[in-house]
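The values are calculated or read from the model by the stated rules, or taken from the named source; none is laboratory data. The model shown is predicted, which means the values in this text are computed figures rather than measured ones. Please note: Cβ atoms are built from the backbone with ideal geometry, for glycine as well, and neighbour counts cover all protein chains shown. What goes into the accessible areas is simple: the full protein's heavy atoms, side chains included, and nothing from ligands, DNA or RNA. Shrake-Rupley method; radii C 1.70, N 1.55, O 1.52, S 1.80 Å.
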Amino acid sequence: MSLVDVLQAQRRFDDAIARLEERLVSHPEDAQARARLGGLYRDCGFVEKALACFERVAELRPEDAAAGTGVLFQQLFLPHDRTRDFERHVEWGRRFGSPDPGWVGAATDPERALRIGYVSADFNLSSAMNFIEPLLASRHSAQFEALCYHSSKREDRGTARLRALADGWCNVAALDDDALCRRIRSDRIDILVDLNGHTRGNRLTAFARRPAPVQVSYLGYGATTGVPAMDWRLTDAWVDPPGCDVFYVERLFRLPKCMWCFVPGTEAPEVSALPAESSGYVTYASFNQAPKLSDRILAAWARILARVPRSRLIVVGVPRGAAGRRIAGIFAAAGVEERRLTLVERVTFPSYLALHAEADIALDSYPYCGGATTCQALWMGVPVLTLAGSETMARSGASLLNAVGMTDWVARSEDEYVDMACEFAGRRDALAGIRRGLRERMRGSALCDQSGFMKDVESGYRAMWRDRCARSEGVTRAVQ
């Protein structure tokens, strides 16, 4: 274990960053050290520095698909031109994916039972697990088999839980693209679903070789994959409203209610009383990871605290040191005393859930909104205020809140976001009522309707398969 490993394990991020910066002074072309530094910058919320690191790694390793993926994912945390972003994803697809080779084979029975393959590095205790579980647990097994290809060496009790729900399981972390494609083809997968996009552990270069006749992107990524062989993207009209199709190489299949289905864990304690009832002041909270806390949204939160007397803000997941000083500096510039801020380092999951008992209102991040954090807050009785932007990653909060019937908590502009946060703070009785009923409301909503969700997803799979069969028949007739 290196010194950087030790420092990171001790959560001494500033020291780990300093060590890597020293290394790069004397070894500026050390791509591994620079990638490691980029990851630490990202985890501390210094997104521009992180992006610069990943861009340099991509320059040093132009043939490394993962290096290019790091740049694509990182830029989503920053304001950017959506057209240019799309072009960069398409360029990655051209460089590392090759043209879509097409499906060599026949798809001639549109109504037969289908074999669905799911590829993910997150078949474990990750934030994605709560959304992945319904895909396996609530399927109509007479018509849809589910096989999982786990692309991570990390396995835990979450892995065991998901494995028990699947019809087939294979850890493919050690397989190269050729071997993975051979395995998928030998399993006779009809529809192959990518759950990662351009995030860590993805196998998009295998998807580019089209190991299955129908290929789908879902859940893990807020943009196109850029892969010519990726046929569809599962989404909804809130995340991807009409008109945004031009920013995807995939065809968009919009689920009728919501693209998400959330399975609450069993660890959650009971919902507590509204903290403001005993404290006498409103406590806002952010539960999203540091890279999502842009200067822009932090400045908006500072405006909120400046307008709401005695209000406080808890920010969870902030490493000590420079990361906290960055946040405190933005609030100080707006005239908000540091004592009104509580910065909490990363904590265990039970402690994370317990912190919701101290929050009256959760504030969503921007331009990269929360997903699992929003659902956990709602489950703990804490309403979430979100700002809906024009891009996919800025609209997940709007989709989730729509699914639970809380569109009145969706702001359309930054000024409206600030105004709503201040207005809601003055409605103590309403906040208390929302808190008491939110878990039951969520339980009865589309967001937690596993059976209804899978009915919609499987209708989508069937439509995609029928489309493939029709195309296959058309090709066959043309050849004849």
Go from 0 up to the bin containing the longest alpha carbon distance in region 112-203, width 10 Å each, and give me the % of pairs per bin. 17, 54, 27, 1
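For the ranges 453-462, 17-26, what's the packing order if you count other beta-carbon atoms within 10 Å of each residue, average per peptide, and put the highest first? Please report the intermediate quantities before stating the final value.
On the way: 453-462: 19.5, 17-26: 15.0.
The densest-packed peptide leads the list: 453-462, 17-26.
Let me make sure I get this right: for region 18-130, a, b and c are the square roots of the gyration tensor eigenvalues over alpha carbons, sorted descending. Under 1.5 in a/c it's rounded, otherwise prolate if a/b > b/c, else oblate. Which is it?
Details: a/c = 2.38, a/b = 1.90, b/c = 1.26.
Verdict is prolate for region 18-130.
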What are the residues whose amide H is under 5 Å from the amide H of Ala411, where those residues sit 5 or more places off or on another chain and H is modelled from the backbone? Thr386, Leu387, Ala388
Angle between the chain longest axis and helix 450-479 axis [Cα atoms, degrees, rounded to 10]: 30
So what is the relative contact order for the chain, in percent, with contacts set as C-alpha pairs under 8 Å and at least six apart? 15
To the nearest 10 degrees, how steeply does helix 177-186 sit against the main Cα axis of the chain, on a 0 to 90 scale? 60
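Stokes-Einstein D for region 397-462 at 25 °C, 0.890 mPa s, Kirkwood Rh over Cα pairs, in µm²/s?
Numbers: Rh = 13.8 Å.
D = 178 µm²/s.
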If I take R0 = 30 Å and measure r between the Cβ atoms of Ser278 and Ala332 in this structure, what FRET efficiency does the formula 1/(1 + (r/R0)^6) give, to the nearest 0.05? 0.60
Of all the accessible heavy-atom surface of the chain, with the other protein chains kept in place and a 1.4 Å probe, what percent is carbon and sulfur? 50
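Taking R0 as 56 Å, what's the FRET efficiency between Arg188 and Arg11 from their Cβ-Cβ distance, rounded to 0.05?
On the way: r = 46 Å, r/R0 = 0.83.
Efficiency at R0 = 56 Å is approximately 0.75.
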Per 0.36 nm of contour for each residue apart, how much would the distance between Val246 and His80 grow if the chain were fully extended, relative to their Cα-Cα spacing? 58.1 nm
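Would you mind working out the magnitude of the charge dipole of the chain relative to its Cα centre, with +1 at each Lys and Arg C-beta and -1 at each Asp and Glu C-beta, to the nearest 20 Debye?
Details: 62 positive and 61 negative charges, 84 e Å.
My answer is approximately 400 debye.
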In units of 2.2 N^0.38 Å, what is the alpha-carbon radius of gyration of region 22-61? 1.05
Would you calculate the separation in nanometres between label points at Ala137 and Arg154, each defined as 7 Å from the Cα along the Cα-to-beta-carbon direction? 2.1
Here the residues of region 312-354 lying in the modelled label zone of Glu21, meaning backbone nitrogen under 12 Å from a point 7 Å along Cα-to-Cβ, are 322-323
Considering Cα pairs under 8 angstrom that are at least six residues apart, work out the relative contact order of region 60-204 and quote it in whole percent. 29
Sequence-distant or interchain residues sharing an amide H contact under 5 Å with Phe144, placed H: which? Leu114
For helix 31-43, report the angle its Cα long axis makes with the longest principal axis of the Cα atoms of the chain; keep it between 0 and 90° and round to the nearest 10°. 50
So what's the back-of-envelope 222 nm ellipticity for the chain, counting only DSSP H runs of four-plus at -39500 (n - 2.57) apiece and dividing by all residues, rounded to 500? -14000 deg cm²/dmol
Principal axis lengths of region 332-374 from Cα atoms, whole Å, largest first? 33, 24, 20
Equivalent ellipsoid, region 356-410 (semi-axes from 5 times Cα gyration tensor eigenvalues, Å): 18, 11, 9
Provide the three semi-axes, in whole Å and in decreasing order, of the ellipsoid equivalent to the chain as defined by the square roots of 5 times the Cα gyration tensor eigenvalues. 38, 28, 20
Whole-Hz ³J(HN,Hα) for each residue in region 364-378, computed from phi via Karplus 6.51 cos²θ - 1.76 cosθ + 1.60 with θ = phi - 60°, x for glycine and proline: what do you get? 6, 7, 6, x, 9, 6, x, x, 4, 5, 5, 5, 5, 4, 4
Contour minus Cα-Cα span, Ser98 to Arg112, at 0.36 nm per residue, comes to 1.9 nm
Please report how far the C-alpha centroid of region 181-221 lies from that of region 320-378, rounded to the nearest whole angstrom. 35
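For region 162-272, rounded, prolate or oblate, judged on the Cα gyration tensor with a ≥ b ≥ c (square roots of eigenvalues), a/c < 1.5 rounded, else prolate if a/b > b/c? Before the final figure, lay out each step's value.
Working: a/c = 2.08, a/b = 1.15, b/c = 1.81.
It comes out oblate by the Cα gyration axes.
Probe of 1.4 angstrom, ligands and nucleic acids ignored: what's the accessible area per residue over the chain, in square angstrom? Don't jump to the answer; show the numbers that get you there.
Working: 19920 Å² over 480 residues.
Value returned for the chain: 42 Å² of accessible area per residue.
Express in nm, to one decimal, how much length is gained between Glu29 and Arg346 on full extension, taking 0.36 nm for each residue of separation and deducting their alpha carbon distance. Kindly include the intermediate steps, with their values, before the conclusion.
Details: separation 317, 0.36 × 317 = 114.12 nm, distance 3.18 nm.
So the extension gain works out to 110.9 nm.
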